[in-house]
Structures are given as structure tokens and as C-alpha cells.
């Protein structure tokens, strides 16, 4: 039996591209992290819109459409951003740019050349990239084309031979799966997994559980070999708990809620009884 050891993802603070160009970077902070990337003249970083935190004075920022990042008309109609931000250093001296995580998340540097040139990620996991990186959706968002498989949940595919930065909520650990080793993970806790891992989706219990909460309703059974990155606090779970805390009624803070509910139930009862009486007449 394989040892159930998990490790903190390795962070190479110096990236060497296939062209032997060395690009240093530093990941700052504890939870809501920032990655600071050093740029030599004519070097650039491609990032998601709205992710920039700070730059040196020599950095130029341009919002462009990147053909390599496949975003269709349907994604654009439903709010998907179709552009990317390019940070370029045109000056004669070195510069830097700081890219921030969009929530309470950790930033993971992924050298795609060490992952076979391709990984599957949760939606919106991509933060920024250096050199040859392509971001695409693995599934057509139209309902008639959706198949209940791993690609429905891990909808973002990052490929190429460059360095990509992705984000994971809370604490992030990595698990190296040996050939034939099996690991069950809640589907929302998977940040990224390389394509050598076999993923099987499992629905736990009857579908009526979804009506009464649906926590841990869907799990993924991962079979090695490969590497999986796991997050402790998915953004969806975090936002749901905030929404419950904000919208859930509290008798001490909102005593009129139950009074209004009682009045609504009484009026509904009166309307139903009146309609029955009028029907009999």
C-alpha cells in the first residue's frame, strides 16, 4: 500500500525557459498571494484582466485579444472575458510586475514542460503565464453538448512549454500518484491534474440529496500515475458559506422576518380557502 503522504507544492523561484532565458519571480504573502515577476527588456507576461496589483514605471500594459486562448461566442455571451492583458518591458533596464490572486488563494507555478505540456484545471484557475502557454476550454458550454465527465468540472486546459501560474483556494497540497494508486477527492477540491491521471466521476447517494444540501455529492476517483493539486477551500464553497451567513435569518437581528413569514402563510391560506368556497358555490 502506498504511503498516504501529501506535500506542499514545490515553488521554483527561478524559471529557465527552453531558450535558456532565466526569469526570476517571487511569490509574496500567505493566503491572498501576489507573484512578482522580473522582466528584462522586451520580455512580457500575459495575465487575466483585473489581476494586476503593481508594476515598475517602465512596464507597458496592453489589453489585447489572444487567438491562442480559445474563447467562443457562447462564452463571451455568458460573461467570459475574451481578452488578456499583456505586460511588456520596453525600457533599457529591468522591470517587474505584481499579479495578485483574485481571492483568498495561493499561487502555484506550473512548468508545463515537466507535466507533459498539458494539465487540466478548475474553471478560472489560470492567473498569468510566461512564454509558450495556451489556455482553452475543454468542453462546449452549450447544454446539448455537455457530457457528464471530468471535463465538465475541470473545464480549463493549459498547454504549451512555458510557465503558468494558477490559483487554489485556502491551503494547497500535491499528491504524486503511483501507477495504479487510487485517490478519492471531492470534485470541487481539485485545482489541477495532469492528463496521465485517469478520472472517474462518482455520484454519492441518490439525487434527492442535492435538494437537501448536496455537500460532497460528487467525488472524483483518481487513478495514477500522475500528480494532482488539491485545495482546502474552493471558492465556490467559500462564497456559499458567506452567502448563507449573510442571507440566513437571525431572530435577534431580524425579528420581523418570522412575523412577515406568518402573515404570508396566513394570507396564502385565506386565498386558498376562499377559492375553494367560491368553487363550491
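Structure values in brief
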read-out	value
Order of 106, 88 - criterion: other Cβ atoms within 10 Å of each residue's Cβ, fewest first	88, 106
Taking 62, 43 and counting other C-beta atoms within 10 Å, the order from fewest to most	62, 43
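Values in this text are rule-based calculations from the coordinates and carry no lab data. Just so it is clear, the model here is predicted, and its values are computed rather than measured. Note that we place each Cβ from the backbone using ideal geometry, even for glycine, and neighbour counts take in every protein chain shown.
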